[in-house]
Amino acid sequence: MAYKPKYAASSRKREPDIIRRKPEPEKKVKSPKKQQSKAGRIAQMILTVILVPLCTFATAKLLGRMVVFVGRPKAAVVSKTKNMAVLDDFDAYVAEKIARTDSALSKIDASDIPEPTEEETEPVREHYTIPDDALAAPKPNQSLFGRVDSPAEMEPVLKKAKWILDGQKTYFQTNQEIYDGSIIRYYLDDSIFAVTWQEVHDDSVYTFSEVKVEDASQFRRHLAGGEYGSDMQYLTTEMAESVNAVVASAGDFYRFRNFGAVVYQGQAKRVEGTYAETCYIDRSGDMHFTRGGEVLTVQDVQDFVDANDINFSLAFGPILVDNYELQEHTWYGVGEITEGYARAALCQMDALHYLVVTANTTGEHQSIPTVAQFAKNIAATGCRMAYCLDGGQTATIVMNNDLVNRPVYGQQRKISDIIYFATAVPEGGMDNG
């Protein structure tokens, strides 16, 4: 049955009013000069390096001889004859050097000289943001989703995404070893780049979705029913479709457990912070953590929220990586950390750059990791921060409304919330190509 959230009339799903920031004025670009031929450039180089200094020397010599006669009018006739002789010597000198230059040119292979390249100018792009109170993001442009069979085929896509990565390196590489028979999915528009693929680690199939967005408002949390405390539950794919997600993952299933700190739209809702570790996302898109015993009351949480400009939280855990450091746990009050179990994680690679990861059994690969094994493989991605989300049958990754990984028992279960990444461009914009 299709997902039909029963929102109140005042909060029905609507396309958000997109906030446009006025682009920077275009800089005038000088028209490129007409390119010279290779032979012309070689000749110009040799003339500059050889003839110009020599001609300067000869001219100085001529002037030196002529200056001897300045102030001696009676010697003018004699000097005229001598000066003409100097000029004749100079003509012969230049002719000899030009002949040597022609000989040098004939020995140079013009194909060894690289063609000059014109500077590539990046087009001015509008910066978009999604309002906090929008119940759905803009719809992605379906023509900008793509699939390839091998990592090498992603090279042109990664080149197009270079502007949005802005110098950041992706964990995904064109020589990546992927799970046999799996498909690489991607999306790229003027506000988001996402690529999803699968690898095998320790006989488990890991599904990775790497996402880079232009604005923190594109990293969002959605609660089933559209509001905190709703009793409704839906599949991850259903909720992802309802909010127009490019990539989505199951969240922490906050309605199923009563632990950790729950924050939604900047407001602390509840807390049980005795032993749970909580992950927070601030309004710049960065991850923060609190550990057991650090926040014990709703006011403690709200103080933390206000001090760090927190947007929402995720309460499951444990913390896997903190400031690039692998975290070790011998005990944790939530989940089965020492037993093999389907896992899920949210990771931050860099500013507005994330990985969502699951580890499941698939095909002949029937192992599932402990938290320690999972954390080791997560840390190997080079992520700055990483946090465990709800696992088991809840652990799911969705791209373009399609379930990418294989959950426990081969099917999703209904849950109360998702996290997702969305385009901020109205209707997904045009091909950025």
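The values are calculated or read from the model by the stated rules, or taken from the named source; none is laboratory data. What you are looking at is a predicted structure, and each value in this text was computed from that prediction instead of being measured. Note: ideal-geometry Cβ built from the backbone for every residue, glycine included; neighbour counts use all protein chains shown. Note: areas computed on protein heavy atoms with side chains; ligands, DNA, RNA excluded. Shrake-Rupley method; radii C 1.70, N 1.55, O 1.52, S 1.80 Å.
What does the convex hull of the Cα atoms come to per residue for the stretch 294-357, in Å³?
Details: hull volume 8.2 nm³, N = 64.
Expressed per residue, the convex hull around the Cα atoms of the stretch 294-357 is 128 Å³.
Let's test the formula: R0 of 30 Å, r as the Cβ-Cβ distance of HIS127 and LYS159. What FRET efficiency results, to the nearest 0.05? Intermediate results must be reported in sequence, preceding the final value.
Values: r = 22 Å, r/R0 = 0.72.
Efficiency for this residue pair is about 0.90.
Starting from the Kirkwood Rh over alpha-carbon pairs, what translational D in µm² s⁻¹ does the stretch 262-341 have by Stokes-Einstein at 4 °C and 1.567 mPa s? Can you show the working numbers first?
Numbers: Rh = 13.1 Å.
Value of D from the Cα-based Kirkwood radius: 99 µm²/s.
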- Item | Pair-distance profile P(r), taking every C-alpha pair of the stretch 171-258, with 10 angstrom steps and integer % | 13, 38, 32, 16, 1
- Query: Taking only protein heavy atoms and a 1.4 Å probe, what accessible area per residue, in Å², does the stretch 128-226 have with all protein chains in place?
  - Reply: 39
- Message: Taking all protein chains in place and a 1.4 Å probe, what share, in percent, of the accessible surface of the stretch 372-433 do carbon and sulfur account for?
- Response: 46
- Modelled label-to-label distance, TYR179 and ASP166, 7 Å Cα→beta-carbon offset: nm? 3.3
- Query: According to the square roots a ≥ b ≥ c of the eigenvalues of the Cα gyration tensor, what is the shape class of the stretch 298-433, taking rounded for a/c under 1.5, prolate for a/b larger than b/c otherwise, and oblate for the remainder?
  - Reply: oblate
- Which percent of the accessible heavy-atom area of the stretch 213-310 goes to carbon and sulfur, probe 1.4 angstrom? 41
- Query: For SER143, what accessible area in Å² do you get when you roll a 1.4 Å probe over the heavy atoms of the protein chains, rounding to the nearest 10?
  - Reply: 90
